[in-house]
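The values are calculated or read from the model by the stated rules, or taken from the named source; none is laboratory data. For clarity, every value in this text was computed on a predicted model and none was experimentally measured. Reconstructed Cβ throughout: ideal geometry from the backbone, glycine too, with neighbour counts over all protein chains shown.
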C-alpha cells in the first residue's frame with residue numbers, strides 16, 4: 001500500500017466531509033450518540049473541545065501496540081489502547097518508523113530496572129488503568145523524532161474491525177489534547193480493504 005498517497009486521499013476526503021457534518025454525525029464520531037458515550041469523560045476539558053476537534057482535526061497514522069479490557073467475553077463496547085503517533089510528515093510518510101518507536105516502548109516496558117527518569121513513561125505503558133495524552137516520547141526511544149504516546153479508547157461501534165497495528169486517528173494538538181479514532185465510515189476503500197486483509201499491520 002502506498003502510505004503517502006492513501007493518507008493524502010483520506011485527508012482530502014475528510015476535509016470535504018467535515019465541513020458539512022451534521023450535529024448527529026458529530027455526535028456519532030465523538031461517541032456522544034449514546035447515553036454511555038455521553039457520560040464518558042463528562043466534565044473534562046477534552047469532552048467539551050471534542051466537537052471543535054472533529055471540525056478541525058486532520059487524519060494521521062497511529063501505531064497501536066497495546067489494548068486492555070477485563071471483559072473476558074470480548075464484547076466490551078469501548079476499551080483503552082496505547083498508541084504512538086506524530087504530526088511530523090516524515091513519520092506519517094513512513095509509518096514503519098512509528099512501529100519501530102512502539103517496539104522501543106515495548107522494550108522499555110520489559111525493563112524492570114529502567115532509570116528513574118523513565119519510570120513515569122514505563123508505568124504509563126505497563127499499568128492497565130493509565131491515562132495520558134500527547135506524552136512526548138524521549139529522543140532515545142523515539143529515534144530522535146517528535147512522537148507521542150496517547151492512551152485512547154477505541155469504540156467498537158465506530159471501528160468494529162479494530163486490531164492492533166496501523167490505525168487512523170483524528171488529531172489537532174492546538175485545539176485539544178484528546179485523540180480520536182477515525183470511524184471506519186470515513187476510511188477510504190483502499191485502506192479498508194488493506195486493513196481488513198491485515199496488510200497494514202506493518
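In table form, for the structure just shown:
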{"read-out": "Residue count for the range 129-141, restricted to those that are touching a strand residue (DSSP E or B) at 6+ places or on another chain (Cβ under 8 Å) and surrounded by 13 or more Cβ atoms within 10 Å (Cβ to Cβ)", "value": "6"}
{"read-out": "Residue in the range 170-188 that is under 11 Å from the mean Cα position of the chain (by Cα), more than 20 Å from residue 52 (Cα to Cα) and assigned to a loop (DSSP other than H, G, I, E, B) present", "value": "no"}
{"read-out": "Filter pass, residue 148 being surrounded by 15 or more Cβ atoms within 10 Å (Cβ to Cβ), touching a residue at least 40 places away in the same chain (Cβ under 8 Å), within 11 Å of the chain's Cα centre (by Cα) and on the phi > 0 side of the Ramachandran plot", "value": "no"}
{"read-out": "Test: residue in the range 48-62 that is over 30 Å from residue 24 (Cβ atoms), touching a helix residue (DSSP H, G or I) at 6+ places or on another chain (Cβ under 6 Å), at pLDDT 95 or above and surrounded by 16 or more Cβ atoms within 10 Å (Cβ to Cβ)", "value": "no"}
{"read-out": "Residue in the range 189-202 that is nearest to residue 83 (Cα to Cα), counting only those that are without any contact (Cβ under 8 Å) to a residue 60 or more places away in the chain and part of a loop (DSSP other than H, G, I, E, B)", "value": "201"}
{"read-out": "Given (1) farther than 24 Å from residue 109 by Cα; (2) assigned to a helix (DSSP H, G or I), number of the condition residue 141 does not satisfy", "value": "(1)"}
{"read-out": "Sole exception among (1) in contact (Cβ under 8 Å) with a residue 12 or more places away in the chain; (2) surrounded by fewer than 17 Cβ atoms within 10 Å (Cβ to Cβ); (3) part of a loop (DSSP other than H, G, I, E, B) for residue 162, by number", "value": "(2)"}
